[in-house]
Amino acid sequence: MITRRTLAGLMAGAALLPAAPRAEGTDTAPMPKPGKRDWAGEVPQIRIGLLGGENESDRLGRFEEYRKLIEDTFKVPARLFPAADYAGVMQAFSAGQIEASSMGASGYAGTWLDTNGAVEPLVVPVEQDGSISYISVMVTRKDSGITSVEQMKGHSLAWADPNSTSGYLIPRSELRGQGININEYFSRTGFAGGHEQGVVAVLQKQYDACCTWASGIGEQEEGFTRGNLRAMVEKGMLKMSDLNIIWKSRPIPNGPLVVRKALPASFKKDFSDFHLALPTEYPKVYADVERGGGKGYARITHEQFEPIVQLRREEAAERRRRS
């Protein structure tokens, strides 16, 4: 289980994140045996939201075996709902139109606020080194000559999505904490529409830099062990030699698998157990869903995300001050 101290010390505003949060170990459970469940009357189908940030055909392709495995295990229809952006999944939760989705920490915190606590996290991915965190990175083109944040003054920066933790919330907070006035420092900022789109925009010289996510462990030349950069390398969309990584954040809590809180407890247990068993029983499906390798999952509670909730509140207050 994850200890309460893992996220202790996260300070709002400057985003003073602690040393890499770690799980005491991955949690395990046997894969639920196939068969109809008592909760099927209340959950006649399992609708799964897919965050934006990657082209739709790739998202659906990565999740198809996962969808089919859920359907075959619980004997109810499982459907995928790819959203155009993070807000689409958040709104679907608010409207009760999906049962579950993997989300970033900021997206979860925003949904929890928007729904007055009507969602809850079940499990969180554990990285190869035992951490339950990842990082935000700022990247530029290799041929741009921009190799530091200081050199970004007067240049353009793309955010991934307004509800992205690593592509918006944390870099904004940490840059402000470094004394950077974001509204004046960069020539312009804008939203690329997702992590993949942000890197593409940099490669195509639409922006000078963007913020995206990576596990922060493993070989940087390969895009690290997991994350958007690794996925783009594996799809042949990117060579790491074409980029400079000019900034890295402190560790950010991995985003959780989220469900509607009102769902039956027996469903939540079955769904948690399914994911805890997935890395061992179906490693390819696990690797597809997590966009790379990890050690599995650990159980988590809302408590661990309270610091991110506070950052969301402060970001909203900052927007109100600007308007």
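Quick note: the coordinates plus some simple rules give every number you see, no bench work behind them. For clarity, every value in this text was computed on a predicted model and none was experimentally measured. A quick note on method: Cβ atoms are made from the backbone with ideal geometry, for glycine too, and the neighbour counts reach across all protein chains shown.
Some values worked out for this structure:
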| quantity | calculated |
| --- | --- |
| Of Thr165, Thr212, Thr140, the one that fluctuates the most in a GNM where the chain has Cα springs shorter than 10 Å | Thr140 |
| Rounded to 5, percent antiparallel among DSSP beta bridges of the stretch 133-252 | 70 |
| Taking all pairs of distinct alpha-carbon atoms in the stretch 120-178, Kirkwood radius in angstrom | 13.9 |
| Cα-Cα over 22 Å, subset of Lys239/Lys284; Lys75/Lys235; Lys269/Lys295 | Lys239/Lys284; Lys75/Lys235 |
| Shape call, the chain: gyration tensor on alpha carbons, a/c limit 1.5 | prolate |
| Length released on extending from His155 to Gln220, taking residue separation times 0.36 nm less the Cα-Cα span | 20.9 nm |
| Trypsin sites (Lys or Arg not before Pro) restricted to the stretch 229-315 and DSSP loop, no more than 12 other C-beta within 10 Å | Lys235 |
| Choice from Leu263, Leu157, Leu203 showing the highest fluctuation, given a GNM over the chain with Cα pairs closer than 10 Å | Leu263 |
| Spatial separation of Cα centroids for the stretch 72-86 and the stretch 255-283, in angstrom | 13 |
| Potential extension, Gln97-Asp129 segment - 0.36 nm per residue separation minus Cα distance | 7.9 nm |
| Per-residue Cβ neighbour rank within 10 angstrom, fewest leading, Met152, Met31, Met90 | Met31, Met152, Met90 |
| Zone residues, the stretch 234-253, relative to Asp288, backbone N less than 19 Å from point 7 Å out along Cα-to-Cβ | 234-236 |
| Taking Ser94, Ser272 and counting other C-beta atoms within 10 Å, the order from fewest to most | Ser94, Ser272 |
| Most mobile of Gly216, Gly190, Gly236 in a GNM of the chain (Cα contacts under 10 Å) | Gly236 |
| Sites Glu184 and Arg313 - FRET efficiency at Förster radius 30 Å, r taken between beta-carbons, to 0.05 | 0.80 |
| Exposure proxy order (Cβ contacts within 10 Å, fewest to most) of Asp270, Asp161, Asp58 | Asp58, Asp270, Asp161 |
